[in-house]
Structures are given as C-alpha cells and as structure tokens.
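Here's the structure, in structure tokens; my notes come after.
The values are calculated or read from the model by the stated rules, or taken from the named source; none is laboratory data. The structure displayed is predicted, hence computed values, not measured ones. Note: ideal-geometry Cβ built from the backbone for every residue, glycine included; neighbour counts use all protein chains shown.
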Amino acid sequence: MAIEITVNDRQFTTEAAPDTPLLYVLTNELELKGPRFGCGLAQCGSCSVLIDGVEVRSCVTPVAAVESRSVTTLEGLPALYARQKGLSDTPALHPVQQAFIDEQAIQCGYCYNGMTIKAAELLAANPRPSDAEARTALNGHLCRCGTYPRILQAIQRASAEVAR
C-alpha cells in the first residue's frame, strides 16, 4: 500500500507498512540526518519532528498517521522559518540552529535535533519565552552532555532574532 507523505515541503511516496515508525521512513528511505534514533520509546526527544507545526516523537508515530499532514525535520527548519516570517529568501539556518552554533550548545549531538525542533516550535508560538517557559518546553528532552545552560542561552539568543 502506497502512503503519500509531505516532508519539508516535498511529496514522497513510501511502500512502508502503515505501522512503520515515521523515523524509519525519514532516515532509511529519505536519508534525512536530522531525526535520530535515541531510545525508541519517545522519552529522549532525539527523533522529534514537527507535524503541522507541533513537535512529535517520530520513533512512535506510524507513517500512516502523517498522510495528508506536513512533516518538518531539522533540515526543513530554515524554509519553515522563512514562511513563518514572510521572508523572500530562505536563510541557510533557522535562528535556533545558528544560536546553537554561536553558544556552542552542541557537544555529542545526541539531543541537538530534538532540542532544536522543540525550541523552534516554542519560538513560533512565543517569540520571547522566559527561561522558565523554555525549561518547561524542554521537559522530556535529554542531553547526555549536560549542556542545558548553553541550550537555554541559545534559545534566548534565537529569541532576539525571531522576535524582530
């Protein structure tokens, strides 16, 4: 059975079984590098994607559940940001991605995808979150290296750009 999915504004057809985790289709068939397998139990956030702008864990989301919906991965964040801001040109990186680099918030990379996806979702809804709001939003996202202070600094740095 063919399933039509939209990922990063592009249409794809997969022959995967309807109950196949979306993560497997994204990484194995579409060869995307953003979402990662972490725990396989939706507890760490490594596999996070946006579905219609809302963060979900792709390791437990069946591919059939995203038919007729829009999936955005780490790779699609710059284009999503350009649409949200009405920009004529797509930036190379979403402000959150650039802020993670600027604040050196990335160590091993385990959490980067999920933290970035969640921060992008947060800033789309609340361009000026407090530290407490950012901390609350990141609940359920694990960082093995413990760079939480730098991640929070990155969110605040990105907030200054997004709020413009």
Legend entry - Neighbours by Cβ (under 6 Å, 6+ apart or cross-chain): first from the stretch 90-115, among the β-branched types (Val, Ile, Thr); second surrounded by 24 or more Cβ atoms within 10 Å (Cβ to Cβ): 96/116; 96/119; 96/120; 96/158; 106/100
Inset, instruction - Go through the residues of the stretch 59-67 one by one and say whether even a single one is closer than 30 Å to residue 15 by Cα, at pLDDT 95 or above and touching a Phe, Trp or Tyr at 6+ places or on another chain (Cβ under 9 Å). - result: yes
Inset, instruction - Starting from residues that are out of contact with any helix residue (DSSP H, G or I) (no Cβ under 8 Å at 6 or more places or on another chain) and in a helix (DSSP H, G or I), keep the ones in the stretch 93-147 and report whichever is surrounded by the most Cβ atoms within 10 Å (Cβ to Cβ). - result: 114
Inset, instruction - Exactly one condition in (1) under 19 Å from residue 97 (Cα atoms); (2) touching a residue at least 40 places away in the same chain (Cβ under 8 Å) is not met by residue 65; state its number. - result: (1)
Inset, instruction - Take the stretch 25-62 and flag every residue that is touching a residue at least 24 places away in the same chain (Cβ under 8 Å), surrounded by fewer than 17 Cβ atoms within 10 Å (Cβ to Cβ) and closer than 20 Å to residue 78 by Cα. - result: 33, 53, 54
Inset, instruction - Could you list all residues from the stretch 73-119 that are in contact with a Pro (Cβ under 8 Å, 6 or more places away or on another chain) and aromatic (Phe, Trp, Tyr)? - result: 81
Inset, instruction - Determine if the stretch 140-160 includes at least one residue that is touching a strand residue (DSSP E or B) at 6+ places or on another chain (Cβ under 8 Å) and of a type in the set (D, E, K, R). - result: no
Inset, instruction - Would you confirm whether any residue within the stretch 85-106 is out of contact with any Asp or Glu (no Cβ under 6 Å at 6 or more places or on another chain) and modelled with pLDDT under 95? - result: yes
Inset, instruction - Would you mention how many residues in the stretch 13-24 are surrounded by 21 or more Cβ atoms within 10 Å (Cβ to Cβ) and either in contact with a Phe, Trp or Tyr (Cβ under 8 Å, 6 or more places away or on another chain) or basic (Lys, Arg) (or both)? - result: 1
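Table: residues versus (1) part of a loop (DSSP other than H, G, I, E, B); (2) closer than 12 Å to residue 63 by Cα; (3) touching a strand residue (DSSP E or B) at 6+ places or on another chain (Cβ under 8 Å).
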site	(1), (2), (3)
11	no, no, yes
33	yes, no, no
37	yes, no, no
45	yes, no, yes
50	no, no, yes
